[in-house]
Amino acid sequence: MVILKSPEEIEKLKASNGIVADILSELREMIRPGITTIELDIYSEELALKRGAKPAFKGYMGYPFSLCVSVNNEVVHGMPSDRALEEGDIVSLDFGVCYNEYYGDSAITIPVGKSSDIAKRLIGTTRKALYCGIEEARAGNRLGDISAAIQGQVEAAGFSVVRDFVGHGIGKSLHEDPQIPNFGVRGRGIKLKPGMVFAVEPMVNEGTYKIKVLNDGWTAVTFDGKLSAHFEHSLAITENGPVILSEVA
């Protein structure tokens with residue numbers, strides 16, 4: 001069941017997502033060779049608590065950290081550790097909070113120092129695919145329009161979209177209906193209505209779309225060891241089009 005949000009609820013979701021956007025912006029400035037992924041996790045939690053928010057991921061289905069930090073061939077759910085980032089890495093930061101009972105969720109991928117041309121193109125394509133999907137999040141369209149727009153952008157660039165993980169509705173729960181695949185067919189799926197709030201999150205691989213989960217039970221990596229990138233925004237569908245809730249003001 002897809003839960004429609006009132007204008008008042010959307011404002012609360014905007015507040016929680018605004019916190020996420022601000023924290024990701026601060027974390028972005030910390031990305032440099034030598035910083036460890038656990039340092040990023042610790043700081044993300046400190047920033048959330050300072051703003052009166054609760055980290056959304058910590059304890060969710062047993063996840064022990066506040067931040068997901070996925071490096072290079074790690075697709076999503078990378079677990080923070082004493083691993084130090086190196087020049088040329090790319091790192092995806094996925095973060096969420098709960099604030100005044102409503103959730104925020106967003107993700108970015110960042111190069112560490114000077115990255116390769118393929119890494120730059122992968123990151124750029126993934127970010128562009130996110131915005132292509134968001135552009136289709138309009139009342140009267142179908143859910144498949146979002147999915148198809150993302151897939152088309154990605155595959156035209158020669159990359160692949162991950163099938164095993166998808167976007168989702170968001171509100172008083174971190175994950176709500178509907179699921180939002182990053183692949184699909186235009187004109188299919190539920191009709192989009194004002195009041196729907198989605199977290200749209202393309203995960204894009206340099207090579208095959210296939211992934212595998214490591215023995216830690218969380219970290220998903222590309223099956224072929226090639227790079228992966230991840231971007232995510234939470235957005236509201238309104239009468240006047242999509243409104244991104246998780247952009248830095």
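The values are calculated or read from the model by the stated rules, or taken from the named source; none is laboratory data. From a predicted model like this one, the values you see are computed outputs, not experimental measurements. Cβ placement follows ideal geometry from the backbone for every residue including glycine, while neighbour counts extend to all protein chains displayed. When the accessible area is computed, the model is the full protein with side chains, heavy atoms only, and any ligands, DNA or RNA have been set aside. Shrake-Rupley method; radii C 1.70, N 1.55, O 1.52, S 1.80 Å.
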Fill in the blank from the handout: Among (1) in a helix (DSSP H, G or I); (2) open to solvent by less than 50 Å² (accessible area, probe 1.4 Å), Arg127 falls short only on (2)
Practice task
State which residue is modelled with the lowest pLDDT when the search covers only segment 1-46 and only residues that are open to solvent by 70 Å² or more (accessible area, probe 1.4 Å) and within 20 Å of Glu101 (Cβ to Cβ).
Solution key: Met1
Handout entry: In segment 195-249, the residues that are over 11 Å from Val76 (Cα atoms), in contact (Cβ under 8 Å) with a residue 60 or more places away in the chain, of a type in the set (A, V, I, L, M, F, W, C) and part of a loop (DSSP other than H, G, I, E, B)
Key = Met196, Leu227, Leu245, Val248, Ala249
Practice task
Output the residue which, of all residues in segment 135-162 that are touching a residue at least 60 places away in the same chain (Cβ under 8 Å) and open to solvent by less than 10 Å² (accessible area, probe 1.4 Å), is farthest from Val197 (Cα to Cα).
Solution key: Val162
Problem - Which listed residue is open to solvent by less than 10 Å² (accessible area, probe 1.4 Å), of a type in the set (Phe, Trp, Tyr) and out of contact with any Cys (no Cβ under 8 Å at 6 or more places or on another chain), from Phe165, Phe198, Phe183 - result: Phe198
Exercise for the section: Check whether at least one residue in segment 184-194 is assigned to a strand (DSSP E or B) and either in contact with a helix residue (DSSP H, G or I) (Cβ under 7 Å, 6 or more places away or on another chain) or at pLDDT below 95 (or both), and report yes or no. Expected result: no
Completion exercise
Scanning segment 72-108 for residues that are open to solvent by 20 Å² or more (accessible area, probe 1.4 Å), charged (D, E, K, R) and either closer than 15 Å to Leu47 by Cβ or not in a strand (DSSP E or B) (or both) gives Asp82, Arg83, Glu86, Glu87, Glu101
Handout entry: Checklist (1) without any contact (Cβ under 8 Å) to a residue 60 or more places away in the chain; (2) more than 20 Å from Cys98 (Cα to Cα); (3) not in a helix (DSSP H, G or I) applied to Phe165, failing item
Key = (1)
Exercise for the section: Among the residues of segment 47-71, count how many are crowded, with 23+ Cβ neighbours inside 10 Å and within 13 Å of Thr37 (Cβ to Cβ). Expected result: 6
